[in-house]
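A short write-up of the structure that comes next.
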Amino acid sequence: MANRNALAAPIMLGAMLMTFSGQAIGAEAARAPFGKISTGEAIEAITLKNKNGVSASIITYGATLQSLIAPGRDGKMADIALGFKDAAAYEKNASYFGASVGRYANRIGKGKFTIDGKSYQLALNDNGVAALHGGPKGFDKRVWKVLDVKSGPVASVTFGYTSPDGEEGYPGTLTVTATYSLDENNQLTIDYRAKTDKPTIVNLTNHALFNMAGEGSPEGAMGNVLTIPADYITPVDAELIPTGELRPVEGTPFDFRKPRVVGKDIRDASDPQIVVGRGYDHNFVLNGKSSGDEMHLAGRLEDPASGRVLEVLTNQPGVQFYAGNFIDGTMIGKSNHIYRQGDGIALEPQVFPDSPNKPNFPNARLNPGQEYHHKMAFRLTTSAR
């Protein structure tokens with residue numbers, strides 16, 4: 001989801017691999033410079049790689065997934081995540097590609113919410129009508145600290161960020177961690193946790209945009225085949241804010257309960273929700289039940305030609321499906337390709353948009369003494385012909 005306003009090769013991060021002496025290492029972690037932002041602050045990239053050649057690179061700017069290298073059925077590797085080649089490009093392009101977004105991912109209508117009778121006003125950074133992804137300088141534009149890096153059967157990196165009371169209009173000092181872990185089964189897990197010292201709202205997710213044919217591929221991502229196990233969506237108004245209704249997907253272009261080519265009905269103007277979203281930019285109500293750390297399927301994305309498959313798992317109740325409708329050809333990606341409308345697909349697990357203003361939606365409130373926990377994963381496999 002975004003504000004309206006030839007396959008890539010993996011980036012070589014020439015760093016010495018970190019290992020534990022005397023132990024057999026399954027997956028490895030490496031650190032390397034990734035350029036600087038305008039303040040002069042240095043940005044790092046941490047690359048996790050397993051024995052199968054699958055790798056994920058995450059940068060400290062926005063705790064952002066910069067690259068995800070996945071195999072096809074013939075063993076050919078491709079970077080399936082949209083992104084940029086250095087820190088300066090991420091700072092220049094307000095794209096949210098791969099970023100950890102918060103405090104509140106997605107939209108809050110009129111930028112307003114109330115906690116215990118006190119009203120809060122957030123910046124209207126989505127066309128002047130809504131708050132989007134935590135504000136003009138949300139978590140995606142902050143430099144996170146590297147707290148821990150590990151190699152071993154599972155390679156991981158943990159990032160931390162402390163958001164002070166009142167930052168971007170949100171109450172409470174929020175202490176956040178984001179842990180990326182890659183195992184030998186080709187699963188990249190992201191674990192978001194947060195604690196607060198005042199009642200607040202929290203909704204964290206990762207905003208990766210994928211193309212299973214490879215980022216920058218000439219055909220874009222509209223030929224990807226998508227499955228979402230959801231019987232309902234939360235339809236939106238003209239400002240892309242949910243109305244509060246749960247609408248059945250049966251008989252509509254939003255029925256992805258069986259595999260469906262993303263581009264098949266993306267221009268079907270007979271459906272008003274397609275028109276208002278300029279395609280798909282909607283929250284799907286997942287059929288799987290949220291229960292603590294247990295994850296359920298949020299979506300499955302496949303490129304039939306290469307056989308690359310991505311399954312998105314989560315312990316959250318919804319997933320925002322965004323088909324890159326507002327990517328306008330002004331950004332140049334890491335493989336020197338122009339990114340255009342429909343070049344990437346986001347599946348963002350989360351609580352529902354505008355939940356703080358919809359009593360019938362899942363609760364996004366976090367109180368002192370509680371811990372927010374969002375566990376999500378990107379599982380890579382291949383399909384047969």
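Where a number appears in this text, it was derived from the coordinates with a stated rule and is not lab data. Note that this is a predicted model, so its numbers are computed, not measured. Cβ: placed from backbone, ideal geometry, glycine included. Neighbour counts: every protein chain shown.
Rounded to whole numbers, the Karplus 3J(HN,Hα) couplings from phi for the range 238-249 are 5, 9, 6, 9, x, 7, x, 7, 10, 10, x, 8 Hz, using 6.51 cos²θ - 1.76 cosθ + 1.60 with θ = phi - 60°, and x at Gly and Pro.
What percentages, rounded to whole numbers, describe P(r) for the chain computed over all alpha carbon pairs with 10 Å bin width beginning at zero? The percentages, shortest bin first, are 5, 25, 36, 25, 8, 1, 0.
Each Cα pair under 8 Å and six or more residues apart adds its separation to the average, and for the range 188-283 the resulting relative contact order is 24 percent.
A straight line joining the Cα centroids of the range 112-166 and the range 194-269 runs 21 Å. The simple spin-label model puts a point 7 Å past each Cα toward its Cβ; for D328 and R365 those points are separated by 3.9 nm.
Would you mind checking which residues have amide H under 5 Å from V285's amide H? H placed 1.01 Å from N; only 5 or more apart, or other chain. For V285, the qualifying residues are Y232, I233, T234.
Which of the three applies to the range 182-246, rounded, prolate or oblate, going by the alpha-carbon gyration tensor with a ≥ b ≥ c and a/c under 1.5 meaning rounded? Because a/c hits 1.5 or more and a/b fails to exceed b/c, the range 182-246 counts as oblate.
Loop-located trypsin sites (Lys or Arg not before Pro) in the range 104-179 (DSSP state not H, G, I, E or B) with no more than 14 neighbouring Cβ atoms inside 10 Å: K137. Rounded to the nearest Hz, the phi-derived 3J(HN,Hα) couplings of the range 142-157 under the Karplus curve 6.51 cos²θ - 1.76 cosθ + 1.60 (θ = phi - 60°) are 9, 8, 8, 8, 7, 9, 6, 9, 9, 10, x, x, 10, 8, 8, 9, where x marks glycine and proline. Taking θ as phi - 60° and the Karplus parameters 6.51, -1.76 and 1.60, the scalar couplings of the range 267-279 work out to 10, 6, 6, 6, 9, x, 6, 5, 5, 5, x, 6, x Hz in sequence order, x denoting glycine and proline. The spacing between the range 313-340 and the range 278-300, judged by their C-alpha centroids, is 17 Å.
Can you sort R103, R247, R300, R385 so the residue with the fewest Cβ neighbours within 10 Å comes first?
R385, R247, R300, R103
Of the residues I201, V129, N50, the one whose Cα sits farthest towards the positive end of the charge dipole of the chain is N50 (charges of +1 on Lys and Arg Cβ, -1 on Asp and Glu Cβ, taken about the Cα centre).
Put simply, the amide H of D343, placed in the peptide plane, has neighbours under 5 Å in A221, leaving out anything fewer than 5 places away on its chain.
Sort Y61, Y180 so that the residue with the fewest other Cβ atoms within 10 Å of its own Cβ comes first and the one with the most comes last. Kindly include the intermediate steps, with their values, before the conclusion.
Numbers: Y61 27, Y180 24.
Lowest count first: Y180, Y61.
Are there GluC sites (Glu not before Pro) in the range 227-290 that DSSP puts in a loop and that have at most 10 other Cβ atoms within 10 Å, and which ones?
On the way: sites: E239, E245, E250; in loops: E239, E245, E250.
Here the GluC sites (Glu not before Pro) that fit, given the DSSP loop and packing criteria, are E250.
Ranking of H296, H133 by neighbouring Cβ atoms within 10 Å, starting from the fewest: H296, H133.
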